Amino acid sequence: MIQRIQSLYMLLIFAINFFLIFSIDSNVSMSISESYFGYFRPYLVEYYFSEIISSLILLNIFLFRYQKIQLLILKIVVLIMIFGLFNFFDERSLIQSLTDLGLTYFIISFILIYLSHRAISKDKSIIDSSNRLR
């Protein structure tokens, strides 16, 4: 499980989100709604953004035998990340959003999700081709 490269990519995404949960929650002056999503918005995903992504990625690491489910969960995570990225740019000016450190979080997460999706797809194609040979 952990020796596969996509598990390492997903473990990095989990570590980034886990670090984000504790760094934002430990700083009482900065709440997650102010740091990523502007001001008050009553959406569940905005308040628990990092927690939802962390739990989905951790679940995804342990579903290594089910590549189709892994790919589906990664697509769901990408949709949540796109929603978060749109909300990231929503209440701020473009210059302020582009110079914020939170944008690097989204860039790194999208790159790691793409790399893990590609590695899972390769594994799935190898398994499918070996099943055809039997």
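Throughout, read-outs are computed from the coordinates displayed, never taken from laboratory work. Please read these numbers as outputs of a predicted model, since none were measured by experiment. All Cβ positions, glycine included, derive from the backbone under ideal geometry; neighbour counts span all protein chains shown.
Remark: Ile120, Ile113 ranked as Ile113, Ile120, counting other beta-carbon atoms within 10 Å and listing the fewest first. Here Leu79, Leu56, Leu101 are placed in order of increasing Cβ neighbour count within 10 Å, fewest first, which gives Leu101, Leu79, Leu56.
Among Asp100, Asp128, the order by Cβ neighbours within 10 angstrom, fewest to most, reads Asp128, Asp100.
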